[in-house]
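Okay, so here's the structure we're looking at.
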Amino acid sequence: MKKQTASDFLKKVGSNMREICKSRKMTQSEVAKALNMAKVSYGIIERGQIGTSLKTLFNIVSILDVSPARLLLDNGEIFLTKKDIISFYA
């Protein structure tokens, strides 16, 4: 398996967020409002253009009612090491 970059990771997390929102029929506006952030800011996170703090990430999983692993896994498999994930959020 090829080494994933930070950009790959952020895009996959964003893609997972989009999938979950779509399945729950939630809009970016609804999630952003629940997070108390601008829709534009949430959209940038969802597109994987920037990362976010662990606190915000855990707020997102709480709002979407999923486990953190659901956002951080790729088809049920870890696509980054724990060390990689921690370094992106450190």
Members of segment 3-14 found to be out of contact with any Leu (no Cβ under 7 Å at 6 or more places or on another chain) and in a helix (DSSP H, G or I), listed by number: ALA6, SER7, ASP8, LEU10, LYS11, LYS12, GLY14
Hits in segment 42-62 - residues which are in a helix (DSSP H, G or I) and open to solvent by less than 50 Å² (accessible area, probe 1.4 Å): TYR42, GLY43, ILE44, ILE45, GLU46, THR56, LEU57, ILE60, VAL61
Which listed residue, of VAL40, VAL31, VAL13, is aliphatic (A, V, I, L, M), more than 13 Å from ASP65 (Cα to Cα) and touching a helix residue (DSSP H, G or I) at 6+ places or on another chain (Cβ under 7 Å): VAL13
Criterion violated by LEU71 - all others in (1) open to solvent by 40 Å² or more (accessible area, probe 1.4 Å); (2) not in a loop (DSSP other than H, G, I, E, B) satisfied: (1)
Set MET37, MET17: member being on the phi < 0 side of the Ramachandran plot and assigned to a loop (DSSP other than H, G, I, E, B): MET37
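Every residue, every condition in (1) modelled with pLDDT of 95 or more; (2) farther than 12 Å from LEU72 by Cβ; (3) surrounded by 15 or more Cβ atoms within 10 Å (Cβ to Cβ); (4) among the aromatic types (Phe, Trp, Tyr), yes or no:
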| position | (1), (2), (3), (4) |
| --- | --- |
| THR5 | no, yes, no, no |
| LYS11 | no, yes, yes, no |
| SER29 | yes, yes, no, no |
| ASN36 | yes, yes, no, no |
Residue within segment 75-89 that is open to solvent by 50 Å² or more (accessible area, probe 1.4 Å), hydrophobic (A, V, I, L, M, F, W, C) and modelled with pLDDT of 85 or more present: no
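The values are calculated or read from the model by the stated rules, or taken from the named source; none is laboratory data. Model, not experiment: these values are computed from the prediction. Note that each Cβ is placed from the backbone with ideal geometry, even for glycine, and that neighbours are counted across all protein chains shown. For the accessible areas, the whole protein counts, side chains as well, though only heavy atoms, and no ligand, DNA or RNA atoms are used. Shrake-Rupley method; radii C 1.70, N 1.55, O 1.52, S 1.80 Å.
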